[in-house]
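Presented below is the structure to which this report refers.
The values are calculated or read from the model by the stated rules, or taken from the named source; none is laboratory data. What you see is a predicted model, and the numbers here were worked out from it, not measured in a lab. Positions of Cβ are backbone-derived with ideal geometry, glycine not excepted, and every protein chain shown enters the neighbour counts.
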Amino acid sequence: MNYGYVKVAAAVPHVRIADSKFNAGQIEKEIIIADGKGVQIIAFPELCITGYTCGDLFAQQLLIEEAEMGLIQVLNTTRQLDIISILGMPVMVEGMLLNAAVVIQKGKVLGVVPKTYLPNYKEFYEMRWFAPGAAVSASSVRLCGQVVPLGRNLLFDTSDTTFGIEICEDVWAPVPPSSSLALQGAEIIFNLSADNEIIGKHAYLSSLLSQQSARCLAGYVFSSCGFGESTTDVVFGGNGLIYENGTLLAASQRFSFDGQVVIGEIDVEYLRAERRTNTTFTTCRSMEAPKAAIHISTEFVNIKELNLTRTYEAHPFVPQGPTLNERCEEIFAIQISGLAQRLVHTHAQSVVVGISGGLDSTLALLVCVRTFDKLGRSRKDIIGVTMPGFGTTDRTYTNAVSLMKTLGITVREVNIQKACLQHFKDIGHDAQVRDVVYENAQARERTQILMDIANQTGGIVIGTGDLSELALGWATYNGDHMSMYGVNAGVPKTLVKHLVKWVAEYGGMDNTSRTTLLDIVDTPISPELIPADENGNISQITEDLVGPYELHDFFLYYFLRCGFRPAKIFYLAARTFKNIYTEETIKKWLKTFFRRFFNQQFKRSCLPDGPKVGSVSLSPRGDWRMPSDASSEAWLRDLEDL
């Protein structure tokens, strides 16, 4: 399977001005290299067969003929190859010269796309030599002895995708042709360009291409002139850029003296999922009523073994790179703003939080503290309640109490053991049988205590459960599952851990708080509902029972955010975690994920309010609406078929 990936390339060949024979030879070399690497579609720069900077030589009949001979040379050399190539060259039509893109495959010209917008300002003088595409009435052209389709609205269909073409200045226009092409079905846009380099232009260009690929929900492949073009007045850096829905997948080395082939895989399956769910895209298509495209079928490309060059983050929910601090502050700001609005609206006199000494309750407490500070309210109105039970260890208890004291909130302690034992007696349950009744009774007892204290103090109960637990249903129904506002509802476990560690290191904590927070980060994740072992250590490790959260968060992201099938998620996880988990382990926990995700939907259907933080949410009022009795059979079968 290729899992929806289309391998594309942006080529930047070394050229000689007006030497079409030499240029054709360089183009052939790069096509052959790309084909050998499994590339399905390759794009070259604008006017690459002649060179972009020929100037008034474009008025010479000899150059036009040489360009066509150069194309014939490339056709003959590559006629045995499956790869589709898009070349730039001057083409004569109706007595006019067009700056055009020519699509070829297996010795045939499939179509010719003229440039729509010709720049004629500053250093550009294209209207001196070329006619704009709109000036042409013909719908076909004779080229290399073939009569082929000609038009700005050509779309090319392969067995895997549909692509369209625009040329350089086209993407700089207020309404780029690629916008219309995308609305008509193009999933990938190829841009043949000759952008020169000046200070600051590259950053602007990158932003422009990123935004256009995102706006079109498309892949975008950009190939621009490089070494060999005339430097009489300008310099060309040789940009090869590949984007997917706003994300840069691959880029060439700028100002290289050698030819380059930049390769990347565009996930059209992901793009289709985005378009299916984005109702604005569909509405825009119906409202704009774009001119009907002409579809051209390409020849079948033999599928080669999928060899991804792109990589995936093991922790897709966790901020990466130089924006790390900014992103963490932004996440807290969202949580704080949500809680602040709820407090102002309800006129709550206090907030009540159950503090276990674990990650989730710690993050919820930190959010409460920051919220009260920002509102100018006393931290004493934050009531932290530690509720030791049968499985509470000295480590978590000590951390819970220490953190509450150093943060200056009101500390309350209610031991739940006697109440639970009485409850077991009342319902006739043997306290030595440590089953789901034994565990869930403790969770519900704690929730009842928090709710009652909130009533006592005119406050609201702050939920601590996170997004990962909601996905797996790892919460006691009407126990820790319930609250009056869930500040962590949109934060997955891997991000919770990261945020707590970030606060410890960069949040201005005193030494005692910092030490406590870092120890909480290092504490095994556990609900602590089963008594500790003989050494007083946690005996009930969550990740031993349901699987590693870093895997589940990976599964969750690509299932919900991208709509990937289990087999594809497994393929990506096996690559991403290949040095950490075996394929058997990944498959085991992926089955667990899908089984639990479907079976536990009933808990998500009645979630308390809570802010959406990232691109994924499980709120029944937001991103995820699913019947509680939906079958998981198709998803589990997809895994069994691996």
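For segment 339-370, the set of residues classified as under 17 Å from Pro608 (Cβ atoms) and hydroxyl-bearing (Ser, Thr, Tyr) consists of Thr346, Ser361, listed by residue number.
Listed by position, the strands (runs of 3 or more DSSP E) inside segment 346-425 whose residues that are touching a Pro at 6+ places or on another chain (Cβ under 9 Å) number at least 1 are 410-413. Of the helices (runs of 4 or more DSSP H) lying entirely inside segment 438-549, those containing at least 2 residues that are within 26 Å of the chain's Cα centre (by Cα), in the same structural domain as Arg604 (by TED's automatic domain parsing) and closer than 20 Å to Ala400 by Cβ are 493-506. If you check Gly226, Gly238 for being surrounded by 16 or more Cβ atoms within 10 Å (Cβ to Cβ), at positive phi and not hydrophobic (A, V, I, L, M, F, W, C), only one passes: Gly238. Being closer than 30 Å to Arg637 by Cβ and without any contact (Cβ under 8 Å) to a residue 12 or more places away in the chain is not true of Leu472. Kindly establish whether Lys7 is surrounded by fewer than 18 Cβ atoms within 10 Å (Cβ to Cβ) and among the basic types (Lys, Arg). Against the criterion (surrounded by fewer than 18 Cβ atoms within 10 Å (Cβ to Cβ) and among the basic types (Lys, Arg)), Lys7 does not qualify. For segment 139-166, a tally of residues being touching a His at 6+ places or on another chain (Cβ under 8 Å) and of a type in the set (Ser, Thr, Tyr) returns 1. The sole residue among Leu450, Leu470, Leu499 that is within 22 Å of Gly338 (Cβ to Cβ) and either surrounded by fewer than 24 Cβ atoms within 10 Å (Cβ to Cβ) or touching a strand residue (DSSP E or B) at 6+ places or on another chain (Cβ under 6 Å) (or both) is Leu450.
Just to check your reading of the model, which residue among Gly391, Gly357 is at positive phi and either of a type in the set (Lys, Arg) or touching a residue at least 40 places away in the same chain (Cβ under 8 Å) (or both)? Write out each step before concluding.
Values: Gly391 fails: at positive phi.
That would be Gly357, the only listed residue that is at positive phi and either of a type in the set (Lys, Arg) or touching a residue at least 40 places away in the same chain (Cβ under 8 Å) (or both).
For segment 1-48, a tally of residues being closer than 17 Å to Val102 by Cα and either hydroxyl-bearing (Ser, Thr, Tyr) or in a strand (DSSP E or B) (or both) returns 9.
Let me confirm something: among Ile331, Ile296, Ile336, which residue is at pLDDT 90 or above and in contact with a Lys or Arg (Cβ under 8 Å, 6 or more places away or on another chain)?
Details: Ile331 fails: in contact with a Lys or Arg (Cβ under 8 Å, 6 or more places away or on another chain); Ile296 fails: in contact with a Lys or Arg (Cβ under 8 Å, 6 or more places away or on another chain).
Going through Ile331, Ile296, Ile336 in turn, just one is at pLDDT 90 or above and in contact with a Lys or Arg (Cβ under 8 Å, 6 or more places away or on another chain): Ile336.
What residue, among those in segment 299-321 that are at pLDDT 90 or above and of a type in the set (D, E, K, R), is nearest to Ala34 (Cα to Cα)? The qualifying residue nearest to Ala34 (Cα to Cα) is Arg310. Which residue out of Leu97, Leu71, Leu57 is in contact with a Phe, Trp or Tyr (Cβ under 6 Å, 6 or more places away or on another chain) and within 23 Å of Gly228 (Cβ to Cβ)? Within the list Leu97, Leu71, Leu57, the selection yields Leu97. Residues to consider are Gly428, Gly376; find the one that is surrounded by fewer than 22 Cβ atoms within 10 Å (Cβ to Cβ), in the same structural domain as Glu469 (by TED's automatic domain parsing) and under 22 Å from Glu329 (Cβ atoms). Selected residue: Gly376, the only one of Gly428, Gly376 that is surrounded by fewer than 22 Cβ atoms within 10 Å (Cβ to Cβ), in the same structural domain as Glu469 (by TED's automatic domain parsing) and under 22 Å from Glu329 (Cβ atoms).
Any residue in segment 552-566 that is closer than 20 Å to Trp474 by Cβ, within 30 Å of the chain's Cα centre (by Cα) and in a loop (DSSP other than H, G, I, E, B)? Within segment 552-566, not a single residue is closer than 20 Å to Trp474 by Cβ, within 30 Å of the chain's Cα centre (by Cα) and in a loop (DSSP other than H, G, I, E, B). Checked across segment 223-232, the condition of being outside any loop (DSSP other than H, G, I, E, B), under 26 Å from the mean Cα position of the chain (by Cα) and under 18 Å from Gln40 (Cβ atoms) holds for at least one residue. Restricting to segment 344-363, give me the number of residues that are over 16 Å from Met451 (Cα atoms) and among the hydrophobic types (A, V, I, L, M, F, W, C). Total meeting the criteria: 3. Can you name the residue in segment 360-388 that is hydroxyl-bearing (Ser, Thr, Tyr) and touching a residue at least 12 places away in the same chain (Cβ under 8 Å) and is also farthest from Gly490 (Cα to Cα) among such residues? So the residue we want is Thr386.
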